[in-house]
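Computed from the coordinates by the stated procedures, all read-outs in this text should not be read as laboratory data. What you are looking at is a predicted structure, and each value in this text was computed from that prediction instead of being measured. Backbone-built Cβ (ideal geometry, glycine too); neighbour counts: all protein chains shown.
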Amino acid sequence: MAPSTDQARDSLNSELTELIKDARRRAGTSGTLARTWQSCGLVLGLLTAVLAAVAGVAGLATTTGRVPAAILALVAAGLTAGNQFLRTDDHYEKNLRRRNAWEALQLDAKLEQARVSSQTDDALYAVVQGLLQRRLEIRNLNHASLPDAALGVVTTHAAVAAPATKIK
């Protein structure tokens, strides 16, 4: 026995509610991670700059300060290498885009939930299916760049022109 229209609509509406909660939670987590990576990059960069400046001053001030200056310069170089290895700026950008994708998904789901009563069951099912597909695309973002579809951006491809025919 197939579920009644009201049961199907309630089921799709509850799916939208869960999607909104999940997207809100994941947007918060991604935002926190973005801020963490940004802070990490700033701290490492600031420490590197300060140590390099102190090393320069110590090296130029006296001849006895050259060994500590060299050590400070090595530490600054190590911090620079660590910052490059961690790729804090890449992690920041990726988590910021992921947060934006989750927020866009959450807002789109809220809009669709507000329109539940005015849509047919088939249209509502198609909308929920599209939103769930976007959720999968955002979740599967590991080391790849975030696809436009995850942000809800529809890309249109220009029509390919037919090849010109030769006139004999």
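Some observations on this one:
- Taking 30, 14 and counting other C-beta atoms within 10 Å, the order from fewest to most: 14, 30
- Length-normalised contact order for segment 55-126 - Cα pairs under 8 Å, 6+ apart - percent: 15
- Ascending count of other beta-carbon atoms within 10 Å, so fewest first, for 37, 102: 37, 102
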